[in-house]
Amino acid sequence: MDHIIRVTNPCEPIDIDLGKPLEIEVGCGKGQFLTRRAKENPDCEFLGIERMLERVRLFDGKCRRGSIDNARVLRLEALYTFHYLLPDHHARRVYVFFPDPWPKKKHHSHRLFGPLFLDALWKRLEIGGKLEFATDHKEYFETVLECFAEDAKREGGARFERVEPMARPKEVWTEFETMFREQGLPIYSAAWRSLTVEDRPLEPLRIPPEAEPREGIVRRIGSRQDVAETELREDIVRRIGSRQNVAETELREGIVRRIGSRQDVAET
Ligand SMILES: C[S@@+](CC[C@H](N)C(=O)[O-])C[C@H]1O[C@@H](n2cnc3c(N)ncnc32)[C@H](O)[C@@H]1O
């Protein structure tokens, strides 16, 4: 069984079995945490999102060797995936463990946590679903706490409440957590539960250009190899050209903005 989800059309939602609970790990790396959890919870579906191809392959290998049939990995950018490709209010847990902290101020716009991610996170979690977050980076930890505190002040009321994070025995450590613990570094963790608020559609993604390296999304979408990336890029161009409906056009423009510029896409 192939555990890698092949994305050929970045506008088509991921095929998820809505009859089973779903847990998602953002930046799942080589899958140490998620594949173990999948093995222990055979009645639940597990989805890893990871943009590094080598790690995606290692995740796949772990599933094959362990005969784990309920875990899959998607090589795609997490914010885009949350925003456009996941079913509404279905995930019972989302795990974000040791996300890249982007410590330099000029790189803060690359960070995952921000208002856009919280919008999409709330939309994808079932009501009462939990986000589990852990990091070794104190400043990023504090920034994420602030981000949720700011979100609670939004018009329409708080949509997350802070709850006790899960226990962190050795059995739940990720690859990075293992490495940090071995170095004796402190680990900061927190969790939030989603609350009922008015459910509005998500706004189309507007990514500031400085937040995305040129052609970044194409590299991240490319699920297998260069050929797949080229096909995908052509598909984007075709669909932008056809302008079948406003929603799709907006979405495609979102992707293009993330690629870098329209001219780059058209040229290819
Ligand atoms: C510091 S590593 C941590 C990996 C794993 N969570 C662990 O704790 O061992 C961060 C991982 O997130 C992935 N990643 C970072 N930003 C991402 C994004 N926007 N979308 C998908 N994956 C991302 C990176 O490729 C990397 O594998």
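Reachable lysines from residue 62, Cα under 20 Å, same-chain residues fewer than 8 places away excluded?
30, 39, 170
Output wanted: per-residue J couplings in Hz (rounded whole) for region 45-55, from phi through Karplus 6.51 cos²θ - 1.76 cosθ + 1.60, θ = phi - 60°, x for Gly and Pro.
For region 45-55, the Karplus-derived couplings read 8, 10, 10, x, 10, 8, 8, 8, 4, 4, 5 Hz, x marking Gly and Pro.
Using the Cβ atoms and a cut-off under 10 Å, what net charge is assigned to the surroundings of residue 96, where Lys and Arg are +1 and Asp and Glu are -1? Let's see the in-between values first.
Working: positive: none; negative: 25, 132.
Taking every Cβ under 10 Å from that of residue 96, the sum is -2.
So what's the net charge close to residue 140: Lys and Arg +1, Asp and Glu -1, counting the other residues with Cβ under 10 Å from its Cβ?
With Lys, Arg at +1 and Asp, Glu at -1, the net is -2.
Quick one: which of 155-163, 142-150 comes out on top by average Cβ neighbours within 10 Å, and what's the full order, highest first?
142-150, 155-163
For residue 22, what is the net charge nearby, where nearby means another residue's Cβ is under 14 Å from its Cβ and Lys, Arg count +1, Asp, Glu -1?
Summing Lys and Arg as +1 and Asp and Glu as -1 gives 0.
Residue 18 versus residue 2, label points 7 Å from Cα toward the beta carbon: distance in nm?
That separation, rounded to one decimal, is 2.6 nm.
Among 16-24, 41-49, what's the highest-first ranking by average C-beta atoms within 10 angstrom per residue? List each step's numbers first, then the result.
Numbers: 16-24: 16.2, 41-49: 19.8.
Descending mean neighbour count gives 41-49, 16-24.
At 37 °C and a viscosity of 0.692 mPa s, what translational diffusion coefficient does Stokes-Einstein give for region 22-207, taking Rh as the Kirkwood radius over Cα pairs? Give it in µm²/s as a whole number.
194
From the square roots a ≥ b ≥ c of the eigenvalues of the alpha-carbon gyration tensor of region 72-129, which class results: rounded (a/c under 1.5), prolate (a/b over b/c), or oblate?
Values: a/c = 2.01, a/b = 1.77, b/c = 1.14.
Judged from the Cα gyration tensor, region 72-129 comes out prolate (a/c at least 1.5, a/b above b/c).
Every number in this text was worked out from the coordinates using simple rules, so none of it is lab data. This structure is a prediction, so every number in the text was calculated from the model and none was measured. We place every Cβ from the backbone using ideal geometry, glycine too, and count neighbours over all the protein chains shown.
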